[in-house]
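For reference, the structure I am asking about is given below.
The values are calculated or read from the model by the stated rules, or taken from the named source; none is laboratory data. Everything quoted here is computed from the prediction, not taken from an experiment. Here the Cβ positions follow ideal geometry from the backbone for every residue, glycine too, while neighbour counts run over all protein chains shown. Each accessible area value is taken on the protein alone, full model and side chains, heavy atoms only, with ligands, DNA and RNA left out. Shrake-Rupley method; radii C 1.70, N 1.55, O 1.52, S 1.80 Å.
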Amino acid sequence: MMSSQPMDIRMAQLEGSYHQVADRLNGIDRRLNGIDRRLDAFDQKIDARFGQIDARFAQVDARFGHVEQQFMWVIGLIVTSWVTTILAVLLHR
């Protein structure tokens, strides 16, 4: 199974193959770094957009915060009126 090529030639071929593999891996690494940079930029854009959306929701919440309190008062009045009506009907008999 021994090749007729001298050991130096075979070693040189292996070294050349290793250099090709290293070059390909370096190329893949550069492409992945480029993808990482683009994803980071995209992530920053999304964070900025959600920051704007959160600010708008905060504005809406500040504007309509008192409406919730008024709604609870109305519900309280309705429940109180209902209970009073039921008690009046039950106690009248």
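Given the criteria open to solvent by 100 Å² or more (accessible area, probe 1.4 Å) and at pLDDT below 90, does residue 63 qualify? Even if it seems obvious, please write down each step before you answer.
Numbers: open to solvent by 100 Å² or more (accessible area, probe 1.4 Å): yes; at pLDDT below 90: yes.
It is true that residue 63 is open to solvent by 100 Å² or more (accessible area, probe 1.4 Å) and at pLDDT below 90.
Is it the case, given these coordinates, that residue 41 is modelled with pLDDT of 90 or more, out of contact with any helix residue (DSSP H, G or I) (no Cβ under 7 Å at 6 or more places or on another chain) and of a type in the set (A, V, I, L, M)? I'd like the intermediate steps shown before the answer.
Working: modelled with pLDDT of 90 or more: yes; out of contact with any helix residue (DSSP H, G or I) (no Cβ under 7 Å at 6 or more places or on another chain): yes; of a type in the set (A, V, I, L, M): yes.
Yes, satisfied.
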